[in-house]
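Student: Take this structure first; my questions come after.
The values are calculated or read from the model by the stated rules, or taken from the named source; none is laboratory data. Everything quoted here is computed from the prediction, not taken from an experiment. Note that we place each Cβ from the backbone using ideal geometry, even for glycine, and neighbour counts take in every protein chain shown. To get the accessible areas, we keep the full protein, side chains included, count just its heavy atoms, and leave off ligands, DNA and RNA. Shrake-Rupley method; radii C 1.70, N 1.55, O 1.52, S 1.80 Å.
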Amino acid sequence: MGKKLRFLAATWISTLLLMAIQKPIFLLYYAAQSAEHSVGEWLEVIRHGLLLDSTMAGYITVLPLLFTLVTMWTGIADRIGQRVMKIYFILMAVVAATLFAVDLGLYAYWGFRLDSTILIYLSDPKGAMASIDLPLFLKQAAIGTAYGALLIWVWMKVAARFDGTRLPAKRALGWLPLMILLLGLDFLSIRGGLGTSVANVSKVCFSSKLYLNHAATNPIFSFLSTIGKQADYAAEYPFYGAEELAETFDAIRGNRPGTMPADTLLTTSRPNLLFVILEGFGSTVMEAEEGGKPIAPNLNRLKEEGIFFSHLYANSFRTDRGQVALLSGFPAQTKISLMKLTPKCLELPSIARSLAREGYRTHFTYGGDINFTNQSSYMYATGWQELYWQQNMSFDAPTSKWGYDDRVVGEAFADKVSQLSSEEGPFLAGWLTLSSHEPFVVPFEKFEDKIANSMAFTDDCIGRLIERLKASPAWENLLVVLVPDHGMAGFRRGSWNETEVHRIPMIWVGGAVKEPRTIDCYGSQIDIAATLLAQLGIDHSDFDYSKDLLDPTLPKFGYYTYNEGFVVIDERGESGWDAPSDRTTEGADTTHIAWGKALLQQTYEDIARR
């Protein structure tokens, strides 16, 4: 019996240590961020992380423990039992190493540890693979292979300790209470202790510095614990009772009665509209230089020629969520993507639907696969009448992993605008760019940095589009809205819970613009719909969350969500709340936190009702 107990002890202890080693690997992988913290804080990361590491050790030990318990009574040849355990441990090693390597690579882009969010994008493997940079893929594959090899090497030695000897009935019965005790202890390991709270990510959160909490989180647990947990949307963030929620939300809602008329920015109330969504083109990129040269000279020139909104914030970190915020004025969610929930998109308000009621024709162009993340279903559901995408295109040009590059598609889009402008009636034409997306491979060589170079390429394409439109009759009655879907965390910045990463430009240019102007009030993507429709004198009462940024009676603030939290920002500063740690940022404004909680709760309850 002693050999059996040593096998079980070796299984649990070795697994705990193999999970714990992930922490120093993570800290080394992100050495630049880790260097901002003390050695003492690194040790705290490892210490606090042990709680979820022990939970994973408990999960992985369950089958060996039950197998040992059964074979106490039935017996099994050691050779066969050890082979069974080796197969089991190899499977566990492959899963654990894959999840760890994927998490390690994605954290730089997402700013949170791996969770079920990734399944949203893996439903279209081709599209998901298109964003993977080959060097990064090879790097993560090497890390995953090395970590997997370590797991297998250790666990093979553990499997060799398995003892399948059948015990005499009396002896087995005598050891049964101990085995039941071990099962109970393993259950406690899985549960996370005797407290009222079961194992969850918040248990390893120990610091107001989110990076340290993230570093302490076991990514395998993070992923497994979030699968299938987003069905009860209304119960996701129960901050307030119904009356308190209504009172708090009414103070910040965009369609409340009695709002003031907006300042007039345009020369006409019925311009033709171009809505150009710039992939990942955050302010940190637009304002940056490489070797003393601006990355985005065209956007910087256009912001001087048109109307520039200087304190606008993206509501999320992904295109699918940003697109819904931009086009429907609906706030981004934390762990789900509303665009993927097709039935719930059917009654969303949208700029396209509102304009279609006023006689506008609507057209949208995308050079890639518009079915990725259910984009086409969302677009059709919200009033876009014509979608033009890669499947319909046959250009004499190569495609990237995502589709046709912005220069080729930009020329086709300009042709479409010319066609629409020659026909009777107003129109709305949208274009989502794609070249400034990982893996950042473009037919353009201006900067060595791949991100900067791809952004410069998209900026060049936008410059060409605008110059062509200026030279056409379409320009006189045209309003072009240039705005990104989200920022770019991978460019000289940290994670997605950093506010500066979410700051984005919005520029209005065209012959319909009355005069150049800078608008300094704070807002976010959800406010664009009401602001634009108000300029056209079109009712926007169906946009509950969208505020007209030129209405002096409404509070002006930016709002965004990341994986498990939110940030609210205005001229007084920024305030954030993180769900796993249930912490607010240092010096957080109580009003900001109340607004953010109301928006988050209202958003999820709204989704539940749809």
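Student: Whenever you get a sec, line up R161, R256 from highest to lowest accessible area (probe 1.4 Å, protein heavy atoms).
Tutor: In descending accessible area the options line up as R161, R256.
Student: Report the full-extension gain for the segment D520 to R357: residue separation times 0.36 nm, less the Cα-Cα distance, to one decimal in nm.
Tutor: Answer, rounded to one decimal: 55.6 nm.
Student: Same structure, new question: May I ask you to list, by number, the DSSP H helices of the chain whose Cα span along the axis is at least 15 Å and whose average Kyte-Doolittle hydropathy reaches -1.0 or more?
Tutor: Span-like helices, by this rule, are 2-20, 39-74, 78-110, 134-159, 169-191, 406-422, 450-470, 590-609.
Student: Continuing with the same structure: Determine by what factor the alpha-carbon radius of gyration of the stretch 173-327 differs from 2.2 N^0.38 Å, reporting the quotient.
Tutor: Compared with the compact-globule rule of thumb, the stretch 173-327 sits at 1.74.
Student: Here's something else I'd like to know. Let me know the shape class of the stretch 420-529, please: from the alpha-carbon gyration tensor, a ≥ b ≥ c as square roots of the eigenvalues, rounded when a/c is under 1.5, otherwise prolate if a/b is greater than b/c, or oblate.
Tutor: oblate
Student: I'd like to check one number: the per residue accessible area of the chain, probe 1.4 Å, reported in Å² as a whole number.
Tutor: That works out to 39 Å² per residue.
Student: If you don't mind, another one. Run down the lysines and flag those whose C-alpha is under 30 Å from the C-alpha of K293, throwing out any fewer than 8 positions away in its chain.
Tutor: K303, K401, K446, K450, K470
Student: Using only Cα atoms, what Kirkwood radius does the stretch 499-610 have, in angstroms?
Tutor: Its Kirkwood hydrodynamic radius stands at 15.6 Å.
Student: I would also like to ask the following. Does the stretch 150-219 classify as rounded, prolate or oblate by the C-alpha gyration tensor (a ≥ b ≥ c root eigenvalues; a/c under 1.5 gives rounded; else a/b over b/c gives prolate, otherwise oblate)?
Tutor: oblate
Student: Within a Cβ distance under 10 Å of F457, other residues only, what is the Lys/Arg minus Asp/Glu net charge?
Tutor: Within the 10 Å Cβ shell, the charges total -3.
Student: Continuing with the same structure: Rounded to the nearest 0.05, what FRET efficiency do A149 and A32 give with R0 = 25 Å and r taken as the Cβ-Cβ distance? Could you check?
Tutor: Step by step, r from the Cβ atoms, then E = 0.40.
Student: While we're here: Picking from Y88, T585, M19, whose Cα lies most toward the positive end of the charge dipole for the chain (charges on Cβ: Lys, Arg +1; Asp, Glu -1)?
Tutor: Positive-end residue among those listed: Y88.
Student: While we're on this one: Going toward the positive end of the dipole of the chain, with +1 on Lys and Arg Cβ and -1 on Asp and Glu Cβ, which of G193, Y360, A429 do you reach last?
Tutor: G193
Student: Just the number, please: carbon plus sulfur as a percent of the accessible area of the chain, 1.4 Å probe, no ligands or DNA/RNA counted.
Tutor: Here carbon and sulfur together make up 58 percent of the probe-accessible area.
Student: Step through the residues of the stretch 273-280 one at a time and calculate ³J(HN,Hα) from phi using the Karplus curve (6.51 cos²θ - 1.76 cosθ + 1.60, θ = phi - 60°), rounding each to whole Hz and writing x for Gly and Pro.
Tutor: Running phi through 6.51 cos²θ - 1.76 cosθ + 1.60 with θ = phi - 60° gives 10, 10, 10, 9, 9, 9, 4, x Hz.
Student: Could you pull out the pairs from K335/K597; K4/K170; K23/K335; K23/K597 whose alpha carbons sit more than 21 Å apart here?
Tutor: The answer is K23/K335; K23/K597.
Student: What net charge is computed for the residues neighbouring E305, neighbours being all others with C-beta under 14 Å from the C-beta of E305, Lys and Arg scored +1, Asp and Glu -1?
Tutor: Taking every Cβ under 14 Å from that of E305, the sum is +2.
Student: Would you mind calculating the gained length between R47 and A246 on full extension (0.36 nm times residue separation, minus the Cα-Cα distance), in nm to one decimal?
Tutor: So the extension gain works out to 67.4 nm.
Student: Taking H placed 1.01 Å from N in the peptide plane, check which residues at least 5 places from V480 or on another chain put their amide H under 5 Å from its amide H.
Tutor: HN-HN under 5 Å from V480: L274, V509, G510.
Student: Further question: Need the C-alpha centroid separation for the stretch 489-561 versus the stretch 1-63, integer Å.
Tutor: First find each Cα centre; the distance between them is then 44 Å.
Student: Same structure, new question: Cα centroid distance between the stretch 279-353 and the stretch 403-465, in Å?
Tutor: Here the two parts' Cα centres lie 15 Å apart.
Student: To check my understanding: the extent here is largest minus smallest coordinate of the Cα atoms along each principal axis. What are those three numbers for the chain, in Å, largest first?
Tutor: Between the extreme Cα coordinates on each principal axis of the chain lie 94, 58, 45 Å.
Student: Would you be so kind as to identify which of L550, T518, V501 lies farthest towards the positive end of the dipole of the chain, taking Lys and Arg as +1 and Asp and Glu as -1 on Cβ and the Cα centre as origin?
Tutor: V501
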